[in-house]
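The values are calculated or read from the model by the stated rules, or taken from the named source; none is laboratory data. Since the structure is predicted, the reported quantities are computational estimates derived from the model, not experimental observations. Here the Cβ is made from the backbone with ideal geometry for all residues, glycine too, and neighbour counts use every protein chain on show.
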Amino acid sequence: MNRIDQRAALETRPCQIQTDFVETAAGSCLISTGKTRVICTASVEENVPPFLRGQGRGWVTAEYAMLPASTGSRKARDGIKKDGRSVEIQRLIGRSLRQAVDMTLLGERTITLDCDVLTADGGTRTASITGAYVALVMAVDKLMKNGLLERNPIVAQVAAVSAGVVEDTPLLDLCYVEDSHAQTDMNFVMNHQGEFIELQGTGEGRAFTNRELKALLNAGRAGVRSLMKAQREALRGHGELLLPLPTLAVASGNAHKLKELNEIFGGVCRLISMKDAGFEGDIEENGATFEENAAIKAEAVMKETGLPTLADDSGLSVDALNGAPGVYSARYAGDHGNDGANNELLLRNMEREENRTSRFVCAMALALPGEKTSVVRGECLGQLLRQRRGDSGFGYDPLFLYETGKTFAEMTEKEKNAVSHRANAAKEMLIRLREVFGA
């Protein structure tokens, strides 16, 4: 179907977050998602509700209101008794953003988040949550800079987006016209680890299918990721250092690889193993290229866990053997991971070859829910020796002579990681990750 604003089905509306919109507030912003605009402010009081007094814990609460001219016809102001919809939404905002704070570190103080809708064109509750989070972090940043907090109480990044089925088509971030005749209406509130804080879903026009639910889940994850990037960009200079890093799964159980990648991507995202992400199965690597295998692994873990997932596939490519061992590098001699047998077979096959040019190749894939998988490639050129040299490394490292005159097996781990095929692929992937997460 053609959307009113010509967006793609799974594309969010343009999101702009203007910080310090209300100078007198401890934290504030104006968030605009399409034509929906909400003023979000954070106020700090040095006390807590009676049920929390004397416990050393803080509190985060919220209020929500729509200004009279926020819709096409005048909306009556909320009086002492708010309308049921406003009460429902402000409770949602409050319990969502309490998930972002360790109350024991906040101390006995209350942060109240006020969300006032200037113009409403669908998604006011999700925009309020996304904007109120920015105001909350700004208020905490001010408390820390003023010496009123010793430790950072922000433990999660929180954002929200709507999705739905309209004219049998899954859509992301519905405007009012789409929302008003949606067959299915959903709201996603999520944290930086890809976990759900709140998931609201209703089959308003008809029941929805499992296939539609999966499409909406992927759309919601992609939308929240986009909004979190906007939050991070808005908070630069206002508390972005307080935010936890986005979580990225790695399609590997290799602790050494995980450590190496965490060092490379530190400051952009936090990497966890596929097991820690909840993936327990085996992955059949049946691709014909390194790129295909990397994508297969990344997509398998991403689909199971819902998390953005990184995977790599690497091996040795020898020019005289038309690229062999290639994707079969780890099982060249038959048994997977038998380095000695693999090296012996390679030496035999290269015994009469004078052209010893070879290269280690690494393809690295990033699979994102709701988006096309990205793949980058890194190479390291060298020469294949006729006998092994060096005691470090693994695989074909003792036969691979780099331009420095050392084999990979003669290098220190630091020397190898500075020039390796995986390091070169990671440099390219780092650019992509910064684009995705806004770091």
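Residue check: is Glu291 closer than 22 Å to Gly395 by Cβ and surrounded by 17 or more Cβ atoms within 10 Å (Cβ to Cβ)? The answer is yes for Glu291.
Would you mind finding the one in Gly205, Gly201 that is touching a His at 6+ places or on another chain (Cβ under 9 Å), surrounded by fewer than 19 Cβ atoms within 10 Å (Cβ to Cβ) and either over 19 Å from Leu307 (Cα atoms) or not assigned by TED's automatic domain parsing to the domain that holds Ile93 (or both)? Answer to the selection: Gly205.
Here Glu299 qualifies as among the charged types (D, E, K, R), surrounded by fewer than 23 Cβ atoms within 10 Å (Cβ to Cβ), in contact (Cβ under 8 Å) with a residue 12 or more places away in the chain and not in a loop (DSSP other than H, G, I, E, B). Filter segment 123-146 down to the residues that are surrounded by fewer than 23 Cβ atoms within 10 Å (Cβ to Cβ) and not in a helix (DSSP H, G or I) and list them by number. Asn146 - this is the single residue of segment 123-146 that is surrounded by fewer than 23 Cβ atoms within 10 Å (Cβ to Cβ) and not in a helix (DSSP H, G or I). State all residues of segment 166-203 that are more than 16 Å from Gly122 (Cα to Cα), of a type in the set (Asp, Glu) and in contact (Cβ under 8 Å) with a residue 12 or more places away in the chain; if no residue qualifies, say none. Glu167, Asp168, Glu198 - these are the residues of segment 166-203 that are more than 16 Å from Gly122 (Cα to Cα), of a type in the set (Asp, Glu) and in contact (Cβ under 8 Å) with a residue 12 or more places away in the chain. Applying the condition of being small (Gly, Ala, Ser) and assigned to a loop (DSSP other than H, G, I, E, B) to segment 185-233 and asking which residue is farthest from Asp168 (Cα to Cα) yields Gly194.
Checked against the criterion of being surrounded by fewer than 14 Cβ atoms within 10 Å (Cβ to Cβ), outside the structural domain of Ser226 (by TED's automatic domain parsing) and among the hydrophobic types (A, V, I, L, M, F, W, C), the candidates Phe394, Phe408 yield just one match: Phe394. Evaluate segment 370-383: report whether one residue or more is closer than 19 Å to Glu344 by Cβ and either over 27 Å from the mean Cα position of the chain (by Cα) or buried (at least 16 other Cβ atoms within 10 Å of the Cβ) (or both). So far as segment 370-383 goes, yes, one or more of its residues are closer than 19 Å to Glu344 by Cβ and either over 27 Å from the mean Cα position of the chain (by Cα) or buried (at least 16 other Cβ atoms within 10 Å of the Cβ) (or both).
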